[in-house]
Amino acid sequence: MDRDITSPQARTEQGQSSQAQAVFSDSSGPLFHMYIKMTEGEDEKMAHRWQKDADGILIFTGLFSAALAALLTVSVQDLKPNPQDTTAFYLGNIYQLLADPNISHTSILATPVQPPVFSPPKSAVLVNSLWFLSLVVSLTSALLATMLQQWARRFLTITQPPLYSPHKRASIRAFFAHGVERFHLPSSVEALPALLHLSLFLFFTGLAIYLFNINHTVFSVVVWWVVLAGGVYGCITLMPIFWHDSPYYSPLSSSAWIFFNFTFFAIRRIRYFLLNHQWPHPRYLGLSKTVQEYGSELSAEINNRILTWTIQTLEEDKDLEQFFEAIPGFCSSEVVQESGLELDFTKFDETLAEAFSNFCYDTLSSSLFSEGDKKRRVIVCVKAIDAAQLSRTTISTIRTVFNHGVDLLRSVDMWQSLTSSSGDQVPGLCSQGIIAGVITKTSEHDERWEALAKDQLGLSEEVFRSYLENGDSVLLANLIHITRLLFPLCLNEVLDSELSLWNVLSSISEFGIENTLPGLQHNFCDQVVKLQCIE
């Protein structure tokens, strides 16, 4: 009889596999499972946010209620008669009798024998009413915060049952999430801190009245601070309405936004009515939706902020490579082009020049990368530089590749993508600079080299053959071509672009000029004269 010798771990994996197959036995399982995975993260974030809000409310309520209760123990004494006042009344009558022994019987009868009925001062009634109401509102907010924590836990428990199939879990979650939206639970959670603010306002009002009847100096000091704090609170409440990027916000901001919008719509409607114009249907958005809509609109300023923050934050090589690889797609994006807000990368030319040069240097000088990885990373940089049209970065990157990547330049096949990826378009300056180095450094002038050189120089077959028959005329024409392309950059740069350009030209001028065509020699002399004029 055969025995099952399967290990426990294998049996566990088989059980999990069979369970997964059972779960997804229906063809709709993957879609429902995707919905569950997407909503689980959002639900957990929402519940965590609710619990954090509730924790903050409970902490503040505990501290505030303790301070308020201490004041109430003092102020509540003003609402009931003081036994010492009754004692003082009777002692006063006795003193009158003993102080004047000749007092008449009529005067004795006229003296009241009972103390007057106690009536608390109106200010004391008002102060205690405000403070007790503040305490009740504060404790109510604490109760609701505790219930909010229970609501959050209940929401996760109900919407994430572990033993249900994907379509049932998805149905339960959608059903309960609809109830959350239907009963405006998120809005209620946002309004919960308003109770604390109301409690605080009631306390400040009662405190002002209380101090007014005690000492005017103390009253003035406290009231000035309360007025200042109230003004700041009002500014915080209104700032999101007028400045949508304001991070300041209060629970009353949403209510103020609704009031502002309805007032604005009412004025517009009256205006359209008086002018006999057709009234357009108003499009109302909440404050949060309005902020998101304004923030999602592309602008040159926002794009510059995005690029600046990204450049300053990236440190790892893999992150830099991913960023450089994304630049061509950004520059050719239809969304960016249709908005007419293309990002001007030249503003960051100096910063990017250092980033690209360091990236290329670290790549080419490291022994951790294979030849293929080095080529791929350099090509990523070159394509990004050409897409962004970075002049300073172009020269510095070409110099870095020529100084530290000579071995890579000796292979024609490795750099074909710089010409074929552009299609019918002319390759960028950085690509042509790298190709010029490949043409010079490659020792084997086969058909692939000839095709690359002919495309680079834009020559016909007849002219190219004449160059081949006259010494190193192809290499000289290559030097003249890249000099003409890079020369305008030196006229616009103010730092060491000339030195960098001489470094580049010296790297691709390692050939004999004696047997080249005279016309090319004259053209080269003209280019050298121009370069010397800008020194």
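The values are calculated or read from the model by the stated rules, or taken from the named source; none is laboratory data. Please read all numbers here as calculations on a predicted model, not as lab measurements. Neighbour counts are summed over all protein chains in view; Cβ atoms, including those assigned to glycine, are modelled from backbone coordinates with ideal geometry. Keep in mind that these areas ignore ligands, DNA and RNA; they rest on the heavy atoms of the full protein, side chains included. Shrake-Rupley method; radii C 1.70, N 1.55, O 1.52, S 1.80 Å.
Quick rundown of the values:
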read-out: Filtered residues of segment 27-77 (kept if among the polar types (S, T, N, Q), open to solvent by 70 Å² or more (accessible area, probe 1.4 Å) and at pLDDT 85 or above); value: 73
read-out: Enumeration of residues in segment 444-465 that are among the small types (Gly, Ala, Ser) and either surrounded by 14 or more Cβ atoms within 10 Å (Cβ to Cβ) or within 49 Å of the chain's Cα centre (by Cα) (or both); value: 451, 453, 458
read-out: Test: residue in segment 197-208 that is without any contact (Cβ under 8 Å) to a residue 60 or more places away in the chain, assigned to a helix (DSSP H, G or I) and of a type in the set (Gly, Ala, Ser); value: yes
read-out: Residue match in segment 189-198 (condition: farther than 21 Å from residue 70 by Cβ and open to solvent by 60 Å² or more (accessible area, probe 1.4 Å)); value: yes
read-out: Segment 386-403 - residue that is farther than 17 Å from residue 504 by Cα and not polar (S, T, N, Q) and, of those, nearest to the chain's Cα centre (by Cα); value: 388
read-out: Failed condition for residue 109, given (1) of a type in the set (A, V, I, L, M); (2) closer than 30 Å to residue 178 by Cβ; (3) modelled with pLDDT under 70; value: (2)
read-out: So residue 236, is it over 23 Å from residue 143 (Cβ atoms) and outside any helix (DSSP H, G or I); value: no
read-out: Residue check, residue 429 open to solvent by 20 Å² or more (accessible area, probe 1.4 Å), farther than 30 Å from residue 390 by Cα and of a type outside the set (Asp, Glu); value: no
read-out: Test for residue 163: is it farther than 19 Å from residue 59 by Cβ, over 35 Å from the mean Cα position of the chain (by Cα) and surrounded by fewer than 16 Cβ atoms within 10 Å (Cβ to Cβ); value: yes
read-out: Residue ID - nearest to residue 50 (Cα to Cα), chosen from residues in segment 154-172 that are in contact (Cβ under 8 Å) with a residue 60 or more places away in the chain and among the hydroxyl-bearing types (Ser, Thr, Tyr); value: 159
read-out: Criterion violated by residue 367 - all others in (1) polar (S, T, N, Q); (2) modelled with pLDDT of 80 or more; (3) in a helix (DSSP H, G or I) satisfied; value: (3)
read-out: Residue tally, condition on the phi > 0 side of the Ramachandran plot and charged (D, E, K, R), over segment 156-208; value: 0
read-out: Of the criteria (1) at pLDDT 85 or above; (2) not in a helix (DSSP H, G or I), which one residue 250 fails; value: (1)
